[in-house]
Amino acid sequence: MKLTFFGGAGTVTGSKILLEVNYKKILIDCGLFQGLKELRLKNREPLPINLSDLDVVLLTHAHLDHCGYLPVLVKNGYQGKIYCTEATRDLTEIILLDSGKIQKEEAERANRYGYTKHKPAEPLYDVDDAKDTLAHFKTFEEDVWHAIDEEIKFKFLNSGHILGSVFIVLEVKGKTFVFSGDIGRKQPILLHPYNYIQKADYLVIESTYGNRIHEDISIEDELLRTIKHTYTKRGILIIPTFSVERAQEIIYLLSVLKRRNLLPNIPIYLDSPMGVNATEVYFKHTKNHTLTTADINSMLATVELISNIDASKAIVNDDNPKIVLAGSGMITGGRVLHYLDNNIGDKKNSVLIVGFQAEGTRGRALLEGDREIKFFGKYHKIEAEVFKINAFSGHADQSELLDWLTHFTSPPTLTFINHGEPHQSQVLRTKIKTDLGWNCTVAKMNKEYYLS
């Protein structure tokens, strides 16, 4: 048995883990690298797997850094199945179609305005490639064992990270493998809390916030404070928003504030076709979240959902006070760039960061105090105020990761720490070894780990 990490090792993106068991090759997640250029270039490198030998892909959840490379896999010849939950399948469809569309648009824009070294710039994949990928999906229920063959079976367990996200438990020849994917919060805003697991011979655990304890603050109060501050300046509040989970959480909290008559009388928009579609998927899968019918109706009455491009352009060009949620969450693309293009140079406006910002992204540059960021082929001076709510996170912090680990009845033979920047992963490794006495290692990219 052998594990190889082709992504998500030494970084928080590009998650791909290959499990080889004699005659079987199983890929856990298949995500895009994001952030630093040196990482993004890896998306163009051929995956060192013979795709005709790859038997199945198991997907923990629908975020782009866990599913966004799937169209490349299929485009390059993968003919097998992709296993996941029904909610993950529905969200992945939205995310991959949007990713293909954005990549094609960005390539066309780069070619039109000449800010590319490639002649011509080509998208990694397009909408048609994404559509081809969807035919490979097969969905499975949670909390039930499913057979891959006579000797290998798997089970999905709720991880509380986003709608449909799961831990993957694999039983192989009497050994139990657990892949955490991304672990959610102990008390999520909208989702059911993560499941505990009691046994694993080999465990792979994420470490996005392996060195951090999330702030114990009222997210509603922080959100309201930023809204009121921007409103007193008669400004526009721009919230770069992850379309899945974060958008729905913010809409819910805004609806709560509105019901309490605390919000200023200004329009609120979710300007993100993917976010609108993801919200509809969210409302469809009622078993996967804790929202009531009254909550959903209140959310729909609070925020105007924008998909139409002409409506989006009109809102972008309107200088009146408003709140805009727009993708993407790390400001790597999407409609939020048009709002920033028009408004980031004005001191009366604000930008609120509400999620993890990977190294090398524009969102990270804003948080680190850069005075200008580059998009649309030019640099934009930052005059708008930048705020962050740290407690807005879909990832477990160090204490929550340890809480999850302490429910194992015995230590795994070996724990692999992945999906984290180097410092975060090393801090978590030290904490696990010190507090729990477990044998653990930080996963390294492309290294093969042979297992007994």
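Semi-axes of the equivalent ellipsoid of segment 299-431: what are they in whole Å, largest first, if each equals the square root of 5 times a C-alpha gyration tensor eigenvalue?
Largest first, segment 299-431 gives 37, 19, 13 Å.
Limiting things to C-alpha atoms, what are the Rg and the maximum Cα-Cα separation (Dmax) for segment 232-389, in angstroms?
Spelled out, the Cα radius of gyration and Dmax of segment 232-389 are 15.4, 46 Å.
Below 12 angstrom from the Cβ of ILE183, what's the summed charge of the other residues (Lys, Arg +1; Asp, Glu -1)?
Combined, the nearby Lys, Arg, Asp and Glu give -3.
For the ranges 384-394, 259-269, what's the packing order if you count other beta-carbon atoms within 10 Å of each residue, average per peptide, and put the highest first?
Per-residue Cβ counts within 10 Å, averaged per peptide and sorted highest first, yield 384-394, 259-269.
Which values, in whole Å and largest first, are the semi-axes of the equivalent ellipsoid of segment 1-133 obtained as the square root of 5 times each eigenvalue of the Cα gyration tensor?
Equivalent ellipsoid semi-axes, largest first: 26, 16, 13 Å.
Once you have the alpha carbon radius of gyration of segment 356-452, what is it after dividing by 2.2 N^0.38 Å, with N set to its residue count?
In units of the globular-protein estimate, segment 356-452 measures up at 1.48.
Once the Cβ-Cβ distance between ASP319 and LYS287 is put in as r, and R0 is 56 Å, what FRET efficiency do you end up with, to the nearest 0.05?
E(calc), rounded to 0.05, equals 0.85.
Treating only the Cβ atoms of Lys and Arg (+1) and Asp and Glu (-1) as charged, compute the dipole magnitude of segment 1-92 about its Cα centre; round to the nearest 20 debye.
200 debye
What whole number of Å gives the distance from the Cα centroid of segment 295-331 to the Cα centroid of segment 405-452?
One Cα centre to the other: 41 Å.
Does anyone have the angle between helix 422-436 and the longest principal axis of the chain? Alpha-carbon axes, 0 to 90°, nearest 10?
With both axes taken from Cα atoms, the answer is about 50 degrees.
How high is the FRET efficiency from GLN426 to LYS374, r the C-beta distance, R0 35 Å, rounded to 0.05?
In this case the efficiency is close to 0.65.
What number, in nm² with one decimal, is the all-direction average of the projected area of the convex hull of the alpha-carbon atoms of segment 217-256?
Average projection, Cα convex hull of segment 217-256: 3.1 nm².
Show me 25-32, 431-438 ranked by packing, highest mean number of other Cβ atoms within 10 Å first.
Descending packing order for the listed peptides: 25-32, 431-438.
In terms of the Cα gyration tensor, with a ≥ b ≥ c the square roots of its eigenvalues, is segment 147-209 rounded because a/c is under 1.5, prolate because a/b exceeds b/c, or oblate?
Prolate.
Kirkwood Rh over Cα pairs of segment 234-327 into Stokes-Einstein at 37 °C, 0.692 mPa s: D in µm²/s?
Translational diffusion coefficient: 242 µm²/s.
Using only alpha carbons, build the gyration tensor for segment 87-165 and give me the equivalent ellipsoid semi-axes, biggest first, whole Å.
Largest first, segment 87-165 gives 37, 14, 10 Å.
Translational diffusion coefficient of the chain at 20 °C, 1.002 mPa s, Stokes-Einstein with Kirkwood Rh over Cα pairs, in µm²/s as a whole number.
Estimated diffusion coefficient is 95 µm²/s.
What dipole magnitude, in Debye to the nearest 20, does segment 337-415 give about its Cα centre under +1 on Lys/Arg Cβ and -1 on Asp/Glu Cβ?
380 debye
Please state, as a whole number in µm²/s, the translational diffusion coefficient that the Stokes-Einstein equation yields for segment 294-345 at 37 °C and 0.692 mPa s, with Rh defined as the Kirkwood radius across alpha carbon pairs.
Answer, rounded: 267 µm²/s.
Can you find, among ALA62, PRO120, ALA200, the residue sitting farthest towards the positive end of the charge dipole of segment 56-205, where Lys and Arg contribute +1 and Asp and Glu -1 at Cβ?
PRO120
Can you give me the distance in nm between label points at TYR23 and SER307, each placed 7 Å from the Cα along the Cα-to-Cβ direction?
According to this spin-label approximation, the distance is 4.7 nm.
Between segment 343-362 and segment 16-92, how many Å separate their Cα centres?
30 Å
Just the number please: accessible area per residue for the chain, 1.4 Å probe, all protein chains included, in Å².
For the chain, the solvent-accessible area averages 41 Å² per residue.
Roughly to the nearest percent, how much of the accessible area of the chain is carbon and sulfur, given a 1.4 Å probe?
Carbon and sulfur together cover 47 percent of it.
Could you bin all the Cα-Cα distances of segment 110-214 into 10 Å bins starting at 0 and give me the percent of pairs in each, rounded to whole numbers?
Pair shares across the bins are 12, 29, 25, 20, 12, 2.
What FRET efficiency comes out for HIS118 versus LEU451 if R0 is 25 angstrom and r is the Cβ-Cβ distance? Round to the nearest 0.05.
0.05
Among the lysines, which fall within straight-line cross-link reach of LYS173, defined as a Cα-Cα distance under 27 Å, with same-chain neighbours fewer than 8 residues apart omitted?
LYS173 reaches LYS2, LYS16, LYS24, LYS25, LYS81, LYS138, LYS153, LYS155, LYS199, LYS444, LYS447.
Express in whole angstrom the spacing between the alpha-carbon centres of segment 173-195 and segment 377-402.
Cα centres, segment 173-195 to segment 377-402: 23 Å.
Dipole of the chain, Cα-centred, from +1 at each Lys and Arg C-beta and -1 at each Asp and Glu C-beta, to the nearest 20 debye?
In debye, rounded to 20, the chain gives about 840.
The values are calculated or read from the model by the stated rules, or taken from the named source; none is laboratory data. This structure is a prediction, so every number in the text was calculated from the model and none was measured. Methodologically, a virtual Cβ is constructed for each residue, glycine included, from the backbone with ideal geometry; neighbour enumeration extends over all protein chains shown. The area values use the complete protein model at the heavy-atom level, side chains included, leaving out ligands, DNA and RNA. Shrake-Rupley method; radii C 1.70, N 1.55, O 1.52, S 1.80 Å.
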